[in-house]
1. Determine, yes or no, whether residue 173 is farther than 25 Å from residue 52 by Cα, within 20 Å of the chain's Cα centre (by Cα) and modelled with pLDDT of 90 or more.
2. If I ask for residues that are surrounded by 17 or more Cβ atoms within 10 Å (Cβ to Cβ) and either out of contact with any helix residue (DSSP H, G or I) (no Cβ under 9 Å at 6 or more places or on another chain) or over 20 Å from residue 86 (Cβ atoms) (or both), which ones from region 149-173 would you list?
3. Which condition from (1) part of a loop (DSSP other than H, G, I, E, B); (2) over 17 Å from the mean Cα position of the chain (by Cα) is the one that residue 300 breaks?
4. Against the condition under 19 Å from residue 13 (Cβ atoms) and in a helix (DSSP H, G or I), how does residue 263 come out, does it pass?
5. Say whether the condition of being crowded, with 17+ Cβ neighbours inside 10 Å, more than 30 Å from residue 85 (Cα to Cα) and over 17 Å from the mean Cα position of the chain (by Cα) is met by at least one residue in region 213-229.
6. Taking into account only those residues within region 1-35 that are under 22 Å from residue 117 (Cα atoms) and surrounded by fewer than 11 Cβ atoms within 10 Å (Cβ to Cβ), which is modelled with the lowest pLDDT?
7. Taking region 107-122, which residues are in contact with a helix residue (DSSP H, G or I) (Cβ under 7 Å, 6 or more places away or on another chain) and either crowded, with 19+ Cβ neighbours inside 10 Å or at pLDDT 95 or above (or both)?
């Protein structure tokens, strides 16, 4: 179900073919920084950053420069001095695919380019409806599905960003309490804004246009076989039992002291009844719309890259 053969609209690169595109781009992160960028179960190696993310950062740098020139040319044509618009990157994929890690690495790599040192990152989790509202609507078991988001708020946020607003606030989500917090993240006209989430490539009924995906200048889908995604989810769930789940405010604290076998059964039930359903119905169908697909193997290593033809 998760195997995908790119259409003629995409160029397919093996890892070695993609790595050759880095040219002379210098590696700007070390082992210490990589350990901070890594996810809970996802290993990151300097070789992986060199082979995959250096060529990608080089490509994105060219795209950012091209858009900046286009904005300047357009402003000159209309004789207007418009506010600078950040370059918007969307990172999509399944739960446990490693979207957050990909987004963090990209943020670090892109910020190293002198042309665009200010790179911000937000997640669409902050635009989920609060648990109280989801529970009232009977949607708590559908968290992460399209209907669980405050879609209008997310669209308004992206609209303000695209209009060059001096300050735009994004709500913050806690993966410990499994709910929206009282805190906000202030975004102040970055050169690049990376938006990571399950729903960045999704559309909807025609009456709901514009879509979230309409605002992005470049989109990335982090892909993996379904069996691997489930294994990674279970592994992460087991690790959280001895860390975040033990916090007093943790939403899943009731699972912290379960035996390993019982915890695995719970994790697989959650995966198959919620995350897998969302993947099949709402996330996988958007993969072909991405500008770039990063395909992972069972060891989290990116084995191939598919790039949409221009």
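The values are calculated or read from the model by the stated rules, or taken from the named source; none is laboratory data. Just so it is clear, the model here is predicted, and its values are computed rather than measured. For neighbour counting, all protein chains shown are included, and Cβ atoms are generated from backbone atoms with ideal geometry for every residue, glycine included.
1. yes
2. Listed by number, the residues that qualify are 149, 150, 151, 173.
3. If we test residue 300 against (1) part of a loop (DSSP other than H, G, I, E, B); (2) over 17 Å from the mean Cα position of the chain (by Cα), just (2) comes out false.
4. Criteria not met by residue 263.
5. Yes, that holds for at least one residue.
6. Among those that are under 22 Å from residue 117 (Cα atoms) and surrounded by fewer than 11 Cβ atoms within 10 Å (Cβ to Cβ), it is 31.
7. Selection gives 108, 109, 110, 113, 116, 119, 121.
Table: residues versus (1) part of a helix (DSSP H, G or I); (2) touching a helix residue (DSSP H, G or I) at 6+ places or on another chain (Cβ under 6 Å); (3) more than 26 Å from residue 294 (Cβ to Cβ); (4) modelled with pLDDT of 90 or more.
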position	(1), (2), (3), (4)
61	yes, no, no, yes
69	yes, no, yes, no
82	no, yes, yes, no
103	yes, no, no, yes
